[in-house]
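Trainee: Take a look at the following structure, please.
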Amino acid sequence: MAGNDLGSLLGGLLGGGQQGGGSSGGGANILGALLGALMSKGGAGGGNPLSGLLEGLNKAGLADQSQSWVGAGENKEVTGAQLQQALPDDTLRQVAEEAGVSPEQAANEIAQVLPQAVDKLTPEGQVPSGSLEDLIRQQQL
């Protein structure tokens, strides 16, 4: 699935235009592009790049934050600067180009929507198997 389609699904999951207007939709689209880019690079199997993304964040020293999003309780914040260091440079650049923003802005927008997106996509406290698209659709029902 293309990043834009994934972004639309994520936008719907996160409430798209309901709160904050375009910023949430923009962040969801950029997050969708990121997950699409990770999926196309084959970083995570089974059509679910979320587990690959979380694994990368854990290895980059953001385990406390990412585990707070998956588990129950309050979601810890992450900054765009932290994500810039954690994400592969070429992937972040590709996502930023697709969105027409700088890599810094892309990282900042992802940082705003990622905790809530992961929280909603992991209702059982763990990353489910199966395709990311199916997971998002299930959460929207």
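The values are calculated or read from the model by the stated rules, or taken from the named source; none is laboratory data. The shown structure was predicted, so the numbers you read here are calculated from the model rather than taken from an experiment. When we count neighbours, we look across all protein chains shown, and the Cβ atoms used for this are built from the backbone with ideal geometry, even at glycine. Only protein heavy atoms, including side chains, enter the accessible area calculation; ligands, DNA and RNA are left aside. Shrake-Rupley method; radii C 1.70, N 1.55, O 1.52, S 1.80 Å.
Trainee: For the stretch 56-116, with all protein chains present and a 1.4 Å probe, just round the carbon and sulfur fraction of the accessible area to a whole percent.
Mentor: Summing carbon and sulfur atoms, their accessible area is 42 percent of the total for the stretch 56-116.
Trainee: Sticking with this structure for a sec: How charged is the neighbourhood of G71? Take every other residue with its Cβ under 12 Å from the Cβ of G71, and add Lys/Arg as +1 and Asp/Glu as -1. Could you put the intermediate results ahead of the total?
Mentor: Details: positive: K76; negative: D64, E74, D119, E124.
Surrounding charge for G71 is -3.
Trainee: When ranked by the protection proxy of mean other Cβ atoms within 10 Å per residue, highest first, what sequence do the peptides 57-67, 109-119 form?
Mentor: Output ranking for 57-67, 109-119: 109-119, 57-67.
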